[in-house]
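First the structure, in the form of structure tokens, and then the observations on it.
The values are calculated or read from the model by the stated rules, or taken from the named source; none is laboratory data. From a predicted model like this one, the values you see are computed outputs, not experimental measurements. Backbone-built Cβ (ideal geometry, glycine too); neighbour counts: all protein chains shown.
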Amino acid sequence: MVLPREGAVGGACRTMEQEGFSFDYTGHLLHLRRPESLDLLKALGLGRSFRSHRRRAGILLAGRVTPYPIQIHTARLPGPIRRQCLLGFIRAWAQDPGEAENFGQWVLSRFGEGFAQHFFFPYNRKLFCRDPFDLTTEWVGRYVPRPELEDVVDGALGLFPPSRAVGYNARFLYPRRGGIGVLAQSLARSLQRLYLRAPVVGVDLAQREVVVGEGQRFAYDALVATGPLPQLVAMAHPLPDDLRARVDELAAVAVWNLNLAVRGRARRREHWLYCPEPHLPFYRVGFPSNHGQLAPPGHHTLSVEVSTPSGTAPPAGWEMACVQALTREGLLASEQEVLFTVVACVDPAYVIFDRRRPSVVAAFREFFLKHGVFLCGRWAEWKYSTMEDALWDGAAVARRLVGA
Ligand SMILES: Cc1cc2nc3c(=O)[nH]c(=O)nc-3n(C[C@H](O)[C@H](O)[C@H](O)COP(=O)(O)OP(=O)(O)OC[C@H]3O[C@@H](n4cnc5c(N)ncnc54)[C@H](O)[C@@H]3O)c2cc1C
């Protein structure tokens, strides 16, 4: 039995439809690392529905766009910034990076002062609403590429070959039309006991029952919990007080996603731009109709992301501030071209990797497992992971339950 809270399957990987436009909950691009994921897409009949794209991403810095990753593309930056980045990298390269105690140190020791000050620190401060020295490094390995010295020098001279793929997201798959929601919809087609709009509001661990909506109870042998861990803790009973109190040690940010339906062609050909500078109200801008058919002919969509500490909202007027900044930066022709906007909020969106997280999550995982509750997915396991990970996290729990 599957009990999603919303009226549609897919969680954060749903697509909203409005007046001929499709909006995901911010960019949701499929980065596949496992060959069996492609087999799964084919088995779902989606093989031809997805198109493979070579990432076109950039960094909006000092009023111009530099290709991503910045470490190997400083040639287009203003001379003084390029010099700081290059010198800082060479100095860091000359030293043994050693074990970094936190993300801030990790950045300084691997990329140097210039890249830290101009990109990594301001960008991650905006995204995580935290000082980089308060974050751990558990999550960085796969997501933050460290280039060779030769590549950084080539990048500063404009010699880095544009065709060379770098990073975990150098290529991605995206549906030709309809938005990322088609993936979850296809998966759900084979479900026999799917009950939409079934918010679980209580978990009775003693009786092994879940309480849904107005109070309907369902017994379970095994419960696979995919909602955010703090919400599960709040609704689960009985739970020792000292353990329950530890949930306050878990931190996250919410992402507020302003989607714009816009007349005319997109002003940029990138799929998305990172925006580290503090004077811009957003940390990232996406151009979703550059990778999928998501707008009627002669129109396009923009997706703007702003993060706030979980449970809080952006300052009043943030939407207008974003639209004005987009226009100022030349990413939007004019405010008059915007037909309408749609706001989506993902909360929690990014969990904060701090020192307390691993032991708190381990304590909850162990406790819930004893009561037949399996934490599964990005927010239940309180981690940083992708759609592909979520698919295989689910498959792993399913195999465990059927003893395969
Ligand atoms: C800003 C942002 C951008 C991202 N971009 C990408 C990307 O480009 N590529 C990528 O691969 N991944 C991306 N991700 C990650 C991706 O969203 C997650 O990995 C994926 O959604 C995790 O799936 P999940 O099933 O664990 O959680 P969810 O998608 O949140 O699904 C949870 C499910 O649990 C249900 N649920 C929760 N609480 C309850 C309740 N109380 N009662 C009943 N049901 C409940 C929900 O209805 C939902 O169906 C991004 C995430 C964010 C925040």
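The set of residues in the range 347-404 that are in contact (Cβ under 8 Å) with a residue 40 or more places away in the chain and away from the ligand (no atom under 15 Å from the Cβ) comprises D354, R355, R356, R357, P358, V360, A363, F364, F367, H371, G372, L401. Take the conditions (1) within 15 Å of the ligand (Cβ to nearest atom); (2) under 30 Å from R64 (Cβ atoms); (3) buried (at least 20 other Cβ atoms within 10 Å of the Cβ); A344 misses just one of them, which is (3). For the range 37-78, the candidate set comprises residues that are within 16 Å of the ligand (Cβ to nearest atom) and of a type in the set (K, R); within that set, the residue that is surrounded by the fewest Cβ atoms within 10 Å (Cβ to Cβ) is R54. Residues in the range 92-112 that are surrounded by fewer than 16 Cβ atoms within 10 Å (Cβ to Cβ) and on the phi > 0 side of the Ramachandran plot: G98 alone.
One line per residue, one yes/no per condition, for (1) among the small types (G, A, S); (2) under 25 Å from R130 (Cα atoms); (3) not assigned by TED's automatic domain parsing to the domain that holds P147:
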position	(1), (2), (3)
R5	no, no, yes
E19	no, no, yes
S37	yes, no, yes
L77	no, no, no
E99	no, yes, no
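Annotation note: Cβ proximity below 7 Å between a residue of the range 280-302 that is under 18 Å from M16 (Cα atoms) and a residue that is in a strand (DSSP E or B) and modelled with pLDDT under 95 (sequence gap 6+ or interchain) occurs for G292/R177; Q293/R177.
Do you know which residues across the range 2-13 are within 8 Å of the ligand (Cβ to nearest atom) and in a loop (DSSP other than H, G, I, E, B)? Scanning the range 2-13 gives L3, P4, R5, E6, V9, G10.
Let's see how each residue does on (1) in a strand (DSSP E or B); (2) closer than 21 Å to A75 by Cβ:
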site: E138; (1), (2): no, no
site: P147; (1), (2): no, yes
site: V153; (1), (2): no, yes
site: A156; (1), (2): no, yes
site: L159; (1), (2): no, yes
site: P162; (1), (2): no, yes
site: G167; (1), (2): no, yes
site: F172; (1), (2): yes, no
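Of all residues in the range 246-259, exactly one satisfies the criterion of being over 16 Å from K126 (Cβ atoms) and surrounded by 23 or more Cβ atoms within 10 Å (Cβ to Cβ), namely N259.
The residue that is farthest from the chain's Cα centre (by Cα), among those in the range 14-36 that are more than 10 Å from the ligand (Cβ to nearest atom) and buried (at least 19 other Cβ atoms within 10 Å of the Cβ), is F21.
A search for C-beta distances below 8 Å between a residue of the range 194-218 that is in the same structural domain as F368 (by TED's automatic domain parsing) and under 11 Å from A236 (Cβ atoms) and any residue that is basic (K, R) and in a strand (DSSP E or B), counting only pairs 6+ apart in sequence or on different chains, returns D204/R217; V210/R217; V211/R217.
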